[in-house]
1. For ASP100, which of the numbered conditions (1) out of contact with any strand residue (DSSP E or B) (no Cβ under 8 Å at 6 or more places or on another chain); (2) among the charged types (D, E, K, R); (3) open to solvent by less than 30 Å² (accessible area, probe 1.4 Å) fails to hold?
2. Within the set of pairs 6+ apart or on separate chains, which have a first residue in region 47-75 that is open to solvent by less than 70 Å² (accessible area, probe 1.4 Å), a second that is among the basic types (Lys, Arg) and part of a strand (DSSP E or B), and C-beta atoms under 9 Å apart?
3. Can you name the residue in region 219-249 that is surrounded by 17 or more Cβ atoms within 10 Å (Cβ to Cβ) and not in a strand (DSSP E or B) and, of all such residues, is nearest to the chain's Cα centre (by Cα)?
4. Just to be sure I understand, how many residues within region 366-395 are aromatic (Phe, Trp, Tyr), over 14 Å from THR322 (Cα atoms) and open to solvent by less than 70 Å² (accessible area, probe 1.4 Å)?
5. Does ASP452 satisfy the criteria of being in a loop (DSSP other than H, G, I, E, B), more than 22 Å from the chain's Cα centre (by Cα) and acidic (Asp, Glu)?
6. Out of region 20-46, which residues are free of Cβ contacts under 8 Å to residues at least 60 places away in the same chain and either in contact with a Cys (Cβ under 6 Å, 6 or more places away or on another chain) or of a type in the set (S, T, N, Q) (or both)?
7. Could you list, in sequence order, all residues of region 272-291 that are assigned to a strand (DSSP E or B) and either more than 21 Å from GLN338 (Cα to Cα) or in contact with a helix residue (DSSP H, G or I) (Cβ under 8 Å, 6 or more places away or on another chain) (or both)?
8. Looking only at region 125-155, count how many residues are assigned to a strand (DSSP E or B) and of a type in the set (A, V, I, L, M).
Amino acid sequence: ITIGTNNEFSSAKNVFFRQNFGDYRFNNLDAFYAGTPNRYRHGYSLLGGSGDDSEGAAEFDLFQFGLYVQDEVNVSDNFKLTAGLRIDIPYWEDGLENEDFNTRSVELLENAGKDLQGARVGQGIDANVHVSPRVGFNWDVNGRKSTQIRGGLGIFTSRVPLVWPGGTYNNNGVTAGFIQLTGDNAPEFNPDPNTQFQDPPQGSGSVGGQVDLFAKDFMLPQVFKTNIAVDQKLPGGFTLSADFIWNDNITAVIYENINIAGPQFTTTGAGSRPNYGFEKVDDTYSDIYLGSNTGAGSSYNFAGTLSKNFISDRFDIRTAVTYSYGEADGILDGTSSQNSSQWRNLETVNGSNAPDLSISDFSPGHRVLANSTFEFKWTENIKTRIGLFYEGAEGSPFSYVYNGSGLLSDTGSFSALIYVPRNEAEAQLIDNGDVTAGQQWAALDAYIEGNDYLRTRRGKFAERNADRSDWSHIIDLKFAQEFGITFGKKVHRFEFTADIFNFTN
């Protein structure tokens, strides 16, 4: 039996203020030359400083206590069982308190029906116990290693990138300010990054900007995993390996902007949906992001490999071909360092506060790998190796969204999944210059009908990540020439290599 501890202490400091030097957007080149933007955004320290010298960085300590026990049992000569248990307890440091938020804002949010899940500014996450039991086995079926079955199941606890909870230590309403002005309210362009317009200004003692929160009982990501694999030696010197893995989320991460008020209206016509009108519950703060847990999401993957080696005195040939297929779904894929972006860039029908379980950005789909190495033994000390590697893979999943943020008016990003019209009447197109509505519909209808996915969604919304880009086929070539030179009783080997990636292009 093995018993051990794994105790880690982390001290983090992150100087980050989004759009710290000022961010301007212009309608056209004339507006750019005139210095009259249609949108201005600026993130800054409310305490003072600018750029890398900004005060109010996210600074915090984290201590994680880990205890594990594991044992290997030889149930028989050809069956080995491994069982273990791990316990992790993270201790999060408290941050700066925001009395205005913890009293006035909390009351406003709760009266609006928002569930803060016990979160408060300055309050660290509870030191929750994470229990991870697991068991695995390896069975040499006939004792000759010609048929081996292996597998296991268990719960596995992961970290979160410290930058996510780290946001609570400076996006707290008292450390980091943020301003966004649009249209005629946007100020003239200011090329000096250190004197950008601020409201409230530094040193005023005012509160504002973005607030990041995590639920009081937030748990680190935990996943239940199980797998089964078979290694089988076949006639003719072939070996077949097959592996199946299934993962199911227990406590994945999810975000909600609890400062978004309820829908202001519902759009009319085909593909109607809620519109939030960018209305806030508390105008003092720009956005209030609450991180919490969800059990939604799972994945599976199957892989099979057939391999064979041809060995002789003059040459060696080693070959292997693998086919794999997998699917993954979830609500949040965690592709950004900012809590705000995690929420803002989520493609949805009804808004980022009401996401559906959907195909993951990382759903692998079909993949084929083939690898062959040819080694020619000219003499004992001179060898030539040529390697060919092929990968054929489905492209990445992607979504169809509208070019604009007005249909949902919640995130400010292009995140509204499209409605696929049945006919020209549902599309409600209008003439645009020399291009008539009928001509536009003819082009749109042809595009929908020519797409294998979209033509199945007529009269429905497109789903997140439901289509894929095209397959890619890549062949790489490796050449290696080995020389052996004998000095005294020792052989000194030299190797020259050349790699050509995407060799067949």
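The values are calculated or read from the model by the stated rules, or taken from the named source; none is laboratory data. Just so you know, these numbers come straight off a predicted model, no measurement behind them. Using ideal geometry, Cβ is built from the backbone for each residue, glycine included, and neighbour counts are taken over all protein chains shown. SASA here: full protein model, heavy atoms, side chains in, ligands and nucleic acids out. Shrake-Rupley method; radii C 1.70, N 1.55, O 1.52, S 1.80 Å.
1. Failed condition: (3).
2. Here the result reads ALA57/LYS13; ALA58/LYS13; PHE60/LYS13; GLY66/ARG86; LEU67/ARG86; VAL69/ARG86; VAL73/LYS80, each pair linking region 47-75 to a residue that is among the basic types (Lys, Arg) and part of a strand (DSSP E or B).
3. Per the stated criteria, the residue is PRO221.
4. The first filter runs over region 366-395 and keeps only residues aromatic (Phe, Trp, Tyr), leaving 374, 376, 378, 389-390.
Remaining after also requiring over 14 Å from THR322 (Cα atoms): 374, 376, 378.
Still in the running and open to solvent by less than 70 Å² (accessible area, probe 1.4 Å): 374.
Adding up the residues that qualify gives 1.
5. Working: in a loop (DSSP other than H, G, I, E, B): yes; more than 22 Å from the chain's Cα centre (by Cα): yes; acidic (Asp, Glu): yes.
So ASP452 passes the test.
6. Of everything in region 20-46, those that are free of Cβ contacts under 8 Å to residues at least 60 places away in the same chain and either in contact with a Cys (Cβ under 6 Å, 6 or more places away or on another chain) or of a type in the set (S, T, N, Q) (or both) turn out to be ASN27, ASN28.
7. As a first pass, look at region 272-291 and keep what is assigned to a strand (DSSP E or B): 274-275, 280, 288-291.
PRO274, ASN275, ILE288, TYR289, GLY291, listed by residue number.
8. Taking region 125-155 and keeping what is assigned to a strand (DSSP E or B), we get 130-140, 147-155.
From what's left, of a type in the set (A, V, I, L, M): 131, 135, 149, 153, 155.
Count: 5.
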